[in-house]
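Have a look at the structure below before the remarks.
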Amino acid sequence: FGGHIGYSVAPSERRKGYATQMLAAVLPECAKLGLGRVLITCVQGNEGSKRTILHNGGVFESAVYEPEKKRFLERYWIDLSG
């Protein structure tokens, strides 16, 4: 469910672009590891995380139900081959 990359920003520092910058910084490292694309997920309704993923080229694939935590996760792929 979790994907290849996770990130977190302290509540007091949110909405300042840090997550977008963190994700952008790690994508070249993923490419160096030979990954052609990466999966990133976020809890459905988490608009900040969704925007972070979309700003970094994420393409929505699907929403899946996570039964242990009783929530939906949105799945996005970022292509690193370009």
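Some observations on this one:
For every residue, the table says whether it meets (1) surrounded by 15 or more Cβ atoms within 10 Å (Cβ to Cβ); (2) hydrophobic (A, V, I, L, M, F, W, C).
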{"site": "His4", "(1), (2)": "yes, no"}
{"site": "Val9", "(1), (2)": "yes, yes"}
{"site": "Leu23", "(1), (2)": "yes, yes"}
{"site": "Glu29", "(1), (2)": "no, no"}
{"site": "Lys32", "(1), (2)": "no, no"}
{"site": "Leu35", "(1), (2)": "yes, yes"}
{"site": "Leu39", "(1), (2)": "yes, yes"}
{"site": "Ala63", "(1), (2)": "no, yes"}
{"site": "Asp79", "(1), (2)": "no, no"}
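- Considering residues of the range 65-77 that are touching a residue at least 12 places away in the same chain (Cβ under 8 Å) and of a type in the set (D, E, K, R) only, the residue most open to solvent (accessible area, probe 1.4 Å): Arg71
- Only residues that are in a strand (DSSP E or B) and under 11 Å from the mean Cα position of the chain (by Cα) were counted in the range 57-72, giving 2.
- On the stretch given as the range 63-82, residues that are over 23 Å from Ala31 (Cα atoms) and touching a Lys or Arg at 6+ places or on another chain (Cβ under 9 Å) total 3.
- For the residues Leu23, Leu54, Leu35, the requirement of being in contact (Cβ under 8 Å) with a residue 12 or more places away in the chain and either in a loop (DSSP other than H, G, I, E, B) or touching an Asp or Glu at 6+ places or on another chain (Cβ under 9 Å) (or both) singles out Leu35.
- Here Gly3 fulfils each of the conditions (1) modelled with pLDDT under 95; (2) in contact with a helix residue (DSSP H, G or I) (Cβ under 8 Å, 6 or more places away or on another chain); (3) not hydroxyl-bearing (Ser, Thr, Tyr) apart from (2).
The values are calculated or read from the model by the stated rules, or taken from the named source; none is laboratory data. Computed from a predicted model, the values in this text were never measured in an experiment. So basically every Cβ, Gly included, is an ideal-geometry build from the backbone, and we count neighbours across all protein chains shown. Ligands, DNA and RNA are excluded from the accessible area calculation, which covers all protein heavy atoms including side chains. Shrake-Rupley method; radii C 1.70, N 1.55, O 1.52, S 1.80 Å.
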